[in-house]
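The values are calculated or read from the model by the stated rules, or taken from the named source; none is laboratory data. As the structure is a computational prediction, the values presented were derived from the model and not from experiment. Cβ coordinates were reconstructed from backbone atoms using ideal geometry, including for glycine residues, and neighbour counts include every protein chain displayed. Please note that ligands, DNA and RNA were not included when accessible areas were found on the heavy atoms of the full protein model with its side chains. Shrake-Rupley method; radii C 1.70, N 1.55, O 1.52, S 1.80 Å.
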Amino acid sequence: MASNQASRPPGPPSGGGPMGPGGGAPKPSLRQAMVVFQYPVFRVIWLSTTFSFTGMQMQQVARALLAWELTQSYGATGAIAMSFGLPMLFFSLIGGAVADRVEKRNLVLATQVLNAVLALVHAVLVTTGDMTFELLFILGLVQGTGFALGMPARTPLTAEAVGPKNMMSAIAMTNASMNATRLFGPALAGAMAGWWGLESAYYAQAVANGIAAGVLLRVPTGMGAAAAASRGKQGNMFVEIGRGLSYVATDRRLRLLIGMMFITTLFAMPYIMLLAGFVQEDLGQGAGAFGALQSVSGIGAVVGSIAIATLTQSDRKPLIQWVSGILSGLSLMLLAGGSVVAGYPGAIVATVILGLTLTFYQTLNNTMVMDEARPEYYGRVMSINMLTFSAMPLMAAPLGVVADWIGAVELFFLMGVIVTGFMLLV
């Protein structure tokens, strides 16, 4: 395997190790995390990611509102979410293998262009009144396929842009950008849907994704010498998928980290998919209020991302992740109880806390997974980790049926009990 020095991208000199003058453990430092912005390539990728996830945040709101408008059913809305998750289940491993065989920049660029085209197709169909539940489901399948093939390359591309030493800071700052889009993306989509119709939100998504693709053209190819050297030695793609699975299965820490992600993606994160109906049906609010609720959850997410960026050198990340998981479960119970007691304001408080705790949990998990994985396995490891995220939209459908049966408030409380219970067992 090539050395880290050989694969280090152009950027500022390393200066020195993370240890202080006395050799003690490093203190939390946002300044240390911000050093990644001195890398020109990272800045370009970070900007592209910001536009890309702005479009994605708008898409989530627009899709949920459109599904509810077409069906007026939690179960059907969950089925639309499931259409996005099914391809992630079936194609994420292929996406990871492809990411380890081709230029990651080109793979991310291609899927970014696909996102822009699909957003435009949605906009035209809504504008002409030809959108149906069936078409929305099919388009979700296509979108999910593109996400499954391209996303395993995005995080490794970010890591290759800064080198191993600054990898965890780069991931944390990228997550801060992604979560910052939750502050304005959902609110913008909800406001546009209320003022000018859902099609306007989809047109805006197309523009955001187009800009993200254009910015990526400035990223050079050929980064990551260690991973690039391994590409020429790889054989059959499905054999390589098997090797990636075997690598994760035999690494105790990777196995535990990925297993931990399943807890929240199965029983915590699906709450997002059910919020559109919850806000309108249970809280008696409109599309704008739903977008605003999504945005305020981003406040907690941004705070969490920035806080995590200061802890990338900490040796207490597993403990912090575990505590964050427990608090996520308690926050789900607060979402149920708070909305009953205080209505919409109570839901706002709970979603802010959920945004904070789930961001702590997920960001710490991703950084520890990348830190543990060997560079030549980056794509495949991230694709396996992505399988956990496919559980979120896949669970939305059965949980939506349960919500139709017992009510969204009762379901949120039950989800919180399950998450908290699993965390205590772990």
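Note on segment 228-244: among residues that are open to solvent by 30 Å² or more (accessible area, probe 1.4 Å) and of a type in the set (D, E, K, R), the one that is modelled with the lowest pLDDT is R231.
Among the residues of segment 406-426, those that are among the hydrophobic types (A, V, I, L, M, F, W, C) and within 15 Å of M333 (Cα to Cα) comprise A408, V409, L411, F412, F413, L414, M415, V417, I418, V419, F422, M423. Scanning segment 160-215 for residues that are open to solvent by 30 Å² or more (accessible area, probe 1.4 Å) and charged (D, E, K, R) yields K165, R182, E199.
Here V349 clears all of (1) surrounded by fewer than 24 Cβ atoms within 10 Å (Cβ to Cβ); (2) modelled with pLDDT of 90 or more; (3) closer than 30 Å to M168 by Cβ except the condition numbered (3). Against the conditions (1) among the hydrophobic types (A, V, I, L, M, F, W, C); (2) open to solvent by 10 Å² or more (accessible area, probe 1.4 Å); (3) assigned to a helix (DSSP H, G or I), V102 satisfies every one except (3).
Yes or no, residue by residue, for (1) at pLDDT 90 or above; (2) part of a helix (DSSP H, G or I); (3) buried (at least 24 other Cβ atoms within 10 Å of the Cβ); (4) not aliphatic (A, V, I, L, M):
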residue: G277; (1), (2), (3), (4): no, yes, yes, yes
residue: D315; (1), (2), (3), (4): no, no, no, yes
residue: F360; (1), (2), (3), (4): no, yes, yes, yes
residue: M368; (1), (2), (3), (4): no, yes, no, no
residue: G379; (1), (2), (3), (4): no, yes, yes, yes
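Here A403, A391 are screened, and the one residue that is over 26 Å from E240 (Cβ atoms), small (G, A, S), in contact (Cβ under 8 Å) with a residue 24 or more places away in the chain and part of a helix (DSSP H, G or I) is A403.
If the condition is being of a type outside the set (A, V, I, L, M) and assigned to a helix (DSSP H, G or I), then segment 105-137 contributes R105, N106, T111, Q112, N115, H122, T127, T128, F133, E134, F137.
Quick check on my filter: what residues within segment 150-187 are more than 13 Å from the chain's Cα centre (by Cα) and of a type in the set (D, E, K, R)? Listed by number, the residues that qualify are E160, K165. For segment 361-385, a residue qualifies if it is under 17 Å from I272 (Cα atoms) and aromatic (F, W, Y), and exactly one does: Y361.
Which residue is farthest from the chain's Cα centre (by Cα), if the candidates are limited to segment 37-49 and must be closer than 22 Å to L114 by Cβ and surrounded by fewer than 20 Cβ atoms within 10 Å (Cβ to Cβ)? Please lay out each step first, then the result.
Narrowing segment 37-49 to residues closer than 22 Å to L114 by Cβ: 44-49.
This time we only want the ones that are surrounded by fewer than 20 Cβ atoms within 10 Å (Cβ to Cβ), so: 44, 47.
On the way: V44: 19, L47: 16 Å.
Result: V44.
Is there any pair with a first residue in segment 250-272 that is in contact (Cβ under 8 Å) with a residue 60 or more places away in the chain and a second that is surrounded by fewer than 22 Cβ atoms within 10 Å (Cβ to Cβ) and of a type in the set (D, E, K, R) whose Cβ atoms are under 6 Å apart and which are 6 or more apart or on different chains, and what are they? Note: pairs meeting the criteria are R253/E372; L254/E372. Residues that are touching a residue at least 12 places away in the same chain (Cβ under 8 Å) and among the β-branched types (V, I, T) within segment 125-152 comprise V126, T127, T132, I138, V142, T145, listed in sequence order. Considering every residue within segment 407-420, establish whether at least one is farther than 28 Å from A307 by Cβ, modelled with pLDDT of 90 or more, open to solvent by 30 Å² or more (accessible area, probe 1.4 Å) and not aromatic (F, W, Y). Yes: segment 407-420 contains one or more residues that are farther than 28 Å from A307 by Cβ, modelled with pLDDT of 90 or more, open to solvent by 30 Å² or more (accessible area, probe 1.4 Å) and not aromatic (F, W, Y).
The conditions of being under 19 Å from L198 (Cα atoms), open to solvent by less than 50 Å² (accessible area, probe 1.4 Å) and not aliphatic (A, V, I, L, M) are not met by F147. Scanning segment 317-346 for residues that are assigned to a helix (DSSP H, G or I) and open to solvent by less than 60 Å² (accessible area, probe 1.4 Å) yields a total of 19.
Looking only at segment 105-137, which residues are open to solvent by less than 10 Å² (accessible area, probe 1.4 Å) and β-branched (V, I, T)? Show your work before the answer.
First pass over segment 105-137, keeping only residues open to solvent by less than 10 Å² (accessible area, probe 1.4 Å): 108, 112, 119, 122-123, 136.
Hit for segment 105-137 is V108, nothing else.
Taking the criterion of being farther than 16 Å from L358 by Cα and surrounded by fewer than 24 Cβ atoms within 10 Å (Cβ to Cβ), the residues of segment 279-310 that qualify are Q280, E281, D282, L283, G284, Q285, G286, G288, A289, A292, T310.
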